[in-house]
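K.L.:
Handing you a structure now.
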Amino acid sequence: MRRVTPALATAGLAALLATAAFPAQAVSEHRSDSDSYGTKAPYEPGQNPRTYQKAPAGFVPVFTENVSRHGSRAATDSDDGDLVLALLEKARAADGLTAKGREFGPKVQALQSAMSAVGYGDLSGRGKQELRDTATRLAQRLPGLFATIAKTGEKIDVVSSGQGRAVDSANIYAGTLAEKDPELKPLIGATRTDVDLLYFHKAAGGKAYRDYIANDQRLADTLKSVTDQPRTHSAARGVLKKLFRTSFVDTLAPDDQVAAAQAVYNLYAIAPAMREESPGGRGWGLEKFIAKRDADWFGYLSDAEDFYEKGPGFADSDITYKMAGVLLDDLFKQVEAKRAGTGDLGAELRFTHAEEIIPLAALMGLPGSTQGVTTATPYTYATNPWRGAAVAPLGANIQWDLYRKGNAFLVRMLYNEKETAFKAACRPVSKGSKFYDLNELERCFGRTAN
């Protein structure tokens, strides 16, 4: 979530109250326990494997491919912890700490030390285990496919964005497959980098998108109105008054209160990803330092930013997700090459970031990512199903499995390991089935003339 600037935090409250665009209960409906963590929510598989549908009679898996976000990680820098520790020290000198504030400082210092030891932005112990577990479940889902790959000598291609945590995720995932079946090891290629494919928001294909983020006035005005609400200021005071005496909180300008509260929230949000590095691996216990209603609000603000900047965004524009077409195109190219007999791969494994998973989910119309908004009816939890914790948690993944029977080919999609229907325009092989004829997917995604 972007840090609040003074201009964001102080401008236009009277006008905002007059428009009343955002319902007071915006975060009270359609919640789950992980929502307050946004896209920093740690990964959990979405379905018990024993409940997966069986492929139609005679169809066997011949190929699998995925797009995976890296696993849980440390914060990308120390800024939030540094800000909070400096403020705690200032309050201590002024006798402005509460009992919880005196307890919070050592916890922040310990969390900062743990993240520094892991490496800012790098995979945590939990993140590494998430990748091992996800790879293990892949091998368990498709034992026949991997046995065939080992027998025929088909290759497993591994590609990442080139960023450290994505490279590490790729290597851990591929390494786990090799550990489960050593015969696969010589068939797994060294992790290669494809920035255009898996870091497209920073590559040439994302130029128009970056211009939108930097210069679009509607976006800027919307994000300002989302953040600069009375509820934000009351939530900020709620966060700070747990740690600081009211007299000290009152010495801070409103914009500084919001910035400090956001820093506290950001530490709360990243703490579960660092669970294994906590004392005894039991967790950091930061939940006691922020009321759930306030964490929920700051989680909503984080989700709103991701929704407008990476997700479905405004209903009259596809600028936030059009660039993901390069990745959707590659998903199709791989299964089409397998059908044509022109590819030598048994699996294609890709590792990337939330900035790619979120637009891809919107482009594909995956659950929760189908509903854009208007300026008049903005994004709220009460009116829109999009949740960062569901769309792109740490370790999020989209997988296509290709099945063959003679000259017929079917595709099954898993989204965070849950069998997931393709968009409504696509017709499954039978009502309620999660299997789709590849020709039908090409038709409904506009890849064929008919």
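K.L.:
For the subset of segment 170-208 comprising residues that are assigned to a helix (DSSP H, G or I) and small (Gly, Ala, Ser), which member is surrounded by the most Cβ atoms within 10 Å (Cβ to Cβ)?
P.N.:
Result: Ala170.
K.L.:
Would you say Ser116 is farther than 22 Å from Arg412 by Cα, crowded, with 21+ Cβ neighbours inside 10 Å and either over 25 Å from the mean Cα position of the chain (by Cα) or modelled with pLDDT of 95 or more (or both)? Write out each step before concluding.
P.N.:
On the way: farther than 22 Å from Arg412 by Cα: yes; crowded, with 21+ Cβ neighbours inside 10 Å: no; either over 25 Å from the mean Cα position of the chain (by Cα) or modelled with pLDDT of 95 or more (or both): yes.
Criteria not met by Ser116.
K.L.:
Separate question: Only one of Val67, Val108, Val84 is under 30 Å from Ala340 (Cα atoms), open to solvent by less than 30 Å² (accessible area, probe 1.4 Å) and not in a loop (DSSP other than H, G, I, E, B); which? Show your work before the answer.
P.N.:
On the way: Val108 fails: under 30 Å from Ala340 (Cα atoms); Val84 fails: under 30 Å from Ala340 (Cα atoms).
The unique qualifying residue is Val67.
K.L.:
What's the number of the only condition in (1) touching a helix residue (DSSP H, G or I) at 6+ places or on another chain (Cβ under 8 Å); (2) outside any loop (DSSP other than H, G, I, E, B); (3) open to solvent by less than 10 Å² (accessible area, probe 1.4 Å) that Glu305 fails to meet?
P.N.:
Result: Glu305 passes all but (3).
K.L.:
Continuing with the same structure: Could you list, ordered by first residue, the pairs with Cβ atoms under 6 Å in which the first is in segment 275-293 and more than 23 Å from Thr98 (Cβ to Cβ) and the second is open to solvent by 30 Å² or more (accessible area, probe 1.4 Å) and part of a helix (DSSP H, G or I), at least 6 apart or interchain?
P.N.:
Arg275/Arg126; Glu276/Arg126
K.L.:
Quick one: Arg387 ticks every box in (1) among the basic types (Lys, Arg); (2) over 22 Å from Glu305 (Cα atoms); (3) buried (at least 20 other Cβ atoms within 10 Å of the Cβ) bar one, so which box is it?
P.N.:
Unmet condition: (2).
K.L.:
If you don't mind, another one. Report whether or not Lys151 is touching a Ser or Thr at 6+ places or on another chain (Cβ under 9 Å), open to solvent by 60 Å² or more (accessible area, probe 1.4 Å), within 22 Å of Gly189 (Cα to Cα) and free of Cβ contacts under 8 Å to residues at least 60 places away in the same chain. Full working, then the answer.
P.N.:
On the way: touching a Ser or Thr at 6+ places or on another chain (Cβ under 9 Å): no; open to solvent by 60 Å² or more (accessible area, probe 1.4 Å): yes; within 22 Å of Gly189 (Cα to Cα): yes; free of Cβ contacts under 8 Å to residues at least 60 places away in the same chain: yes.
Answer is no for this residue.
K.L.:
If you scan segment 308-326, which residues turn out to be open to solvent by less than 10 Å² (accessible area, probe 1.4 Å) and within 14 Å of Arg218 (Cβ to Cβ)?
P.N.:
Those that are open to solvent by less than 10 Å² (accessible area, probe 1.4 Å) and within 14 Å of Arg218 (Cβ to Cβ): Tyr308, Gly313, Phe314, Thr320.
K.L.:
Applying the selection to segment 241-277, what residues are among the basic types (Lys, Arg) and out of contact with any helix residue (DSSP H, G or I) (no Cβ under 7 Å at 6 or more places or on another chain)? Before you say what the answer is, go through the steps one by one.
P.N.:
Going through segment 241-277, the residues among the basic types (Lys, Arg) turn out to be 241-242, 245, 275.
Correct list: Arg245 only.
The values are calculated or read from the model by the stated rules, or taken from the named source; none is laboratory data. Model, not experiment: these values are computed from the prediction. Cβ atoms come from the backbone with ideal geometry, glycine included; neighbour counts cover every protein chain shown. Just the protein is used for accessible areas: all its heavy atoms, side chains included, with ligands, DNA and RNA removed. Shrake-Rupley method; radii C 1.70, N 1.55, O 1.52, S 1.80 Å.
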